[in-house]
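Working notes for the structure below.
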Amino acid sequence: MTEDFIVFSGTANRPLAERVAGELGRPLGACRVERFSDGEVFVRLEESVRGREVFVVQPTSPPVNEHLVELLAFADACRRASAARVTAVVPYFGYSRSDKRQGERVAVGASMVADLLQTVGVDHVLTVDVHAAQVEGFFRVPFDNLSATALLAHSLRGRLPEGAVVVSPDAGRVTAASEFADCLGTEVVVLQKRRTSGTETEVTHIVGDVRDRACLIIDDMISTGGTIAKSVEALAQAGARPEFIVAATHGLFVGEARRKLSGGAIKEIVVTDTVAVDTEGWPGLRVVSVAPLVAAAVRSSFGEEEDLERR
Ligand code: R5P
């Protein structure tokens, strides 16, 4: 592997950046990230990047705008300091749910973020389970969307109750649910979800039989926890066994999510570390690391490994 690369971490998820750098066998690049008293972001690279490949690890998790601007500042600093190439490693890609105009006179957030990243000089984006794969189309630079399905499914092998089915909480996750079911050798059940407001959803139909079955509900992200809570409710009403396991790539857990999802019929929640998660006081929450997956993708961008497993 070429020696001439450097990995920096923004402030969004330093533990993950450390794990990725550890997998690659080197320390994180030295840098300073500060906030001025008016809230503006200041980033300084404390070592030379001239002519080097740079990887900046920064999920744009909440506070999304803060972390996004920090990432832009990193990329800008790298470009101005003559880096050979800048890869934004954005394990969780904020604004990815805004992938088309939903209503009149509204912005398309993911397109806006793509424009910003490319304008400041990002040459390559690495992400994990982006909410909408078509976000790639907003970029003119390479965009690699890694899949955490195998990792999550592997971590669940031998832990699922007998006869458990995989549940997709909406039509958007059917492909991922089928991949989980293939890995785990079981069937898929699909829920139809309807959004009743910006924060509320309801399940209108269940496609498949869940009577007396335990359920593994999968999703790309858990934000407020509303989707999972409503899914559990609907599945329980349809006669599912009160043994639910949840697997999602991104555990944002904003607002009342913890309260909604702790205890009760949910026996375990597994998420990855694309977003920094605090497991303290939540024994039912387990985190598996995407660091080996991301590090393999970094190596692969130097042409050292086979093509990435992509969605
Ligand atoms: C929606 O399409 C996504 O895949 C997730 O189901 C949703 O964003 C989760 O959000 P929340 O936890 O707030 O329901």
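Note on segment 41-57: residues that are β-branched (Val, Ile, Thr) and under 10 Å from Ala81 (Cα atoms) amount to 1.
Show me the strands (runs of 3 or more DSSP E) found entirely inside segment 1-95 where at least 1 residues are of a type in the set (Asp, Glu), out of contact with any helix residue (DSSP H, G or I) (no Cβ under 6 Å at 6 or more places or on another chain) and farther than 25 Å from Val135 by Cβ.
Here the list reads 31-35.
Can you name every residue in segment 193-203 that is touching a helix residue (DSSP H, G or I) at 6+ places or on another chain (Cβ under 9 Å) and either of a type outside the set (D, E, K, R) or outside any strand (DSSP E or B) (or both)? Within segment 193-203, Thr199, Glu200, Thr201, Val203 qualify. Residue under question is Asp220, and the condition is that it be near the ligand (Cβ under 8 Å from one of its atoms), touching a residue at least 24 places away in the same chain (Cβ under 8 Å) and not in a helix (DSSP H, G or I); does it hold? Yes: the conditions hold for Asp220.
Only one of Val135, Val113 is within 16 Å of the ligand (Cβ to nearest atom) and buried (at least 22 other Cβ atoms within 10 Å of the Cβ); which?
Result of the check over Val135, Val113: Val135.
Every test in (1) under 30 Å from Arg211 (Cβ atoms); (2) touching a residue at least 40 places away in the same chain (Cβ under 8 Å); (3) within 16 Å of the ligand (Cβ to nearest atom) is passed by Val128 save one, and that test is (1). Could you check, for segment 228-237, whether at least one of its residues is near the ligand (Cβ under 10 Å from one of its atoms) and of a type in the set (S, T, N, Q)? Yes, segment 228-237 contains at least one residue that is near the ligand (Cβ under 10 Å from one of its atoms) and of a type in the set (S, T, N, Q). When the residues of segment 166-202 are filtered to those that are of a type in the set (Gly, Ala, Ser) and within 22 Å of the chain's Cα centre (by Cα), the one that is modelled with the lowest pLDDT is Gly198.
The values are calculated or read from the model by the stated rules, or taken from the named source; none is laboratory data. In this text, all values refer to a predicted model and were calculated from it rather than measured experimentally. As a convention, Cβ positions derive from the backbone with ideal geometry for all residues, glycine included, and neighbour counts pool all protein chains shown.
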